[in-house]
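The values are calculated or read from the model by the stated rules, or taken from the named source; none is laboratory data. Every value quoted in this text rests on a predicted model; they were computed, and no experiment measured them. Every residue, glycine as well, gets a Cβ built from its backbone with ideal geometry; the counts of neighbours run over all protein chains shown.
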Amino acid sequence: MSGFTQDSFYPTLDDAWLSGFTQGDGGFKIYIVKRENTRSGYRIRLRYYLDQKDSKSELLYIKSLLAGGVVNSHSDENMFRYTIDSSNKLSIIKNYMIKNILIGQKSIIFDKWAKALNLIETKNHLSKEGFDSILKLKEEILEITQN
């Protein structure tokens, strides 16, 4: 993509464009970091990301579309990454992807990520069972991405 122009199509959350972009250049991650001052002793962070070469402007547009996140250079100066990890914004992504279905491995990874987000949204991640469930989902996603 060479950039949105006045004659370009501007994607919205009412079309499947972002789902297609995610299918090719995006993903879902679960991070678990040891943190002493939390109930479980760990901090769980979920993230949605998009990578694009030479297309910072498109990622900035997506940032404005989702009203949050960050765009940074990634790995080399022509590669950019959009990331968002705010729980309320991730809910927007989750609901969007449920309506605009991904396929293949990306769909399986999304389903596991969405289950983890549901546990966080309902505060069930604060229980040992919920934390263990998220840990298992993270391991399953890692296994899928390594195969």
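Some notes on this structure:
- When residues of the stretch 108-147 are limited to those that are among the basic types (Lys, Arg) and at pLDDT 95 or above, the one nearest to Lys29 (Cα to Cα): Lys138
- Any hit, the stretch 15-27, residues being at pLDDT 85 or above, surrounded by 12 or more Cβ atoms within 10 Å (Cβ to Cβ), touching a helix residue (DSSP H, G or I) at 6+ places or on another chain (Cβ under 9 Å) and in a strand (DSSP E or B): yes
- Looking at the stretch 31-147, the strands (runs of 3 or more DSSP E) lying wholly inside it that each contain 1 or more residues that are in contact (Cβ under 8 Å) with a residue 60 or more places away in the chain sit at 42-53.
- Just so you know, in the stretch 103-147 the residues that are within 18 Å of the chain's Cα centre (by Cα) and small (Gly, Ala, Ser) include one that is surrounded by the fewest Cβ atoms within 10 Å (Cβ to Cβ), and it is Gly104.
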